[in-house]
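These notes concern the structure reproduced below.
The values are calculated or read from the model by the stated rules, or taken from the named source; none is laboratory data. Keep in mind the model is a prediction, meaning the values are calculated, not measured. Here the Cβ is made from the backbone with ideal geometry for all residues, glycine too, and neighbour counts use every protein chain on show.
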Amino acid sequence: MSHFYDFKATSLQGKEIELSEYKGKVVLIVNTASKCGFTYQYEGLQTLFDKYQDKGLVILGFPCNQFGQQEKGDSTEISEFCQLNYGVSFQMFDKINVNGPDCHPLYTHLKSAKRGILGTKKIKWNFTKFLVNKEGEVVSRFATATKPEAIESAIQKLL
């Protein structure tokens, strides 16, 4: 069975990042989109990151265009949008698929570790969140509508 730290992903800047770099950190993983009704959650995510990064929180954003074609931009456009509109300074990655035959291996792992409502593995929409503890175990999955501030206590318990 795979472990969170076994995976790697490519940043928006084109750098391959081994997720093992985040050993000993609490990691919040989110599939994002720039043109979604939940895009405002970038602000809450950034607030959490600003508040807890010095205590060991890492946020990883994975743009995805699988839901309503709401992330059509390339890496440069996504990066500029996140920075200009929300001041995002947490790690953002290249656009990926979170469902289907081309699903990124990390998301296959996350969905297997924590199923959604009614036991489904499928990601239903943008801004689904997964929380990983300091040992690399996927401990929680939060629905799209769950605002970042609503999971702050879960993050605090893991820090």
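Per-residue answers, yes or no, for (1) over 15 Å from the mean Cα position of the chain (by Cα); (2) over 16 Å from Asn65 (Cα atoms); (3) of a type in the set (Asp, Glu):
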| residue | (1), (2), (3) |
| --- | --- |
| Asp6 | yes, yes, yes |
| Gln13 | yes, yes, no |
| Glu16 | yes, yes, yes |
| Leu19 | no, yes, no |
| Tyr22 | no, yes, no |
| Val26 | no, yes, no |
| Asn31 | no, no, no |
| Ser34 | no, no, no |
| Thr39 | no, no, no |
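Candidates in the stretch 10-24 are the residues that are crowded, with 19+ Cβ neighbours inside 10 Å and not hydroxyl-bearing (Ser, Thr, Tyr); of these, the one that is nearest to Glu152 (Cα to Cα) is Leu19. Among the residues that make up the stretch 27-41, is at least one of them more than 17 Å from Ala143 (Cα to Cα), modelled with pLDDT under 95 and surrounded by fewer than 17 Cβ atoms within 10 Å (Cβ to Cβ)? Within the stretch 27-41, one or more residues are more than 17 Å from Ala143 (Cα to Cα), modelled with pLDDT under 95 and surrounded by fewer than 17 Cβ atoms within 10 Å (Cβ to Cβ).
Inside the stretch 50-66, can you point out the residues that are surrounded by fewer than 20 Cβ atoms within 10 Å (Cβ to Cβ) and not acidic (Asp, Glu)? Hits for the stretch 50-66 are Lys51, Tyr52, Gln53, Lys55, Gly56, Val58, Asn65. Ser2 falls short on exactly one of the conditions (1) over 22 Å from Ala113 (Cβ atoms); (2) at pLDDT below 90, and that condition is (1). The residue that is nearest to Pro101 (Cα to Cα), counting only those in the stretch 139-157 that are surrounded by fewer than 19 Cβ atoms within 10 Å (Cβ to Cβ) and hydrophobic (A, V, I, L, M, F, W, C), is Ala143. Among the residues of the stretch 52-63, the ones that are touching a Leu at 6+ places or on another chain (Cβ under 8 Å) and not in a strand (DSSP E or B) come to 3 in all.
Could you check, for the stretch 97-113, whether at least one of its residues is aromatic (Phe, Trp, Tyr) and either at pLDDT below 80 or more than 19 Å from Ile17 (Cβ to Cβ) (or both)? No, the stretch 97-113 contains no residue that is aromatic (Phe, Trp, Tyr) and either at pLDDT below 80 or more than 19 Å from Ile17 (Cβ to Cβ) (or both). Every condition in (1) at pLDDT 85 or above; (2) closer than 19 Å to Gln13 by Cβ; (3) outside any helix (DSSP H, G or I) is met by Gln46 except one, and the failing one is (3).
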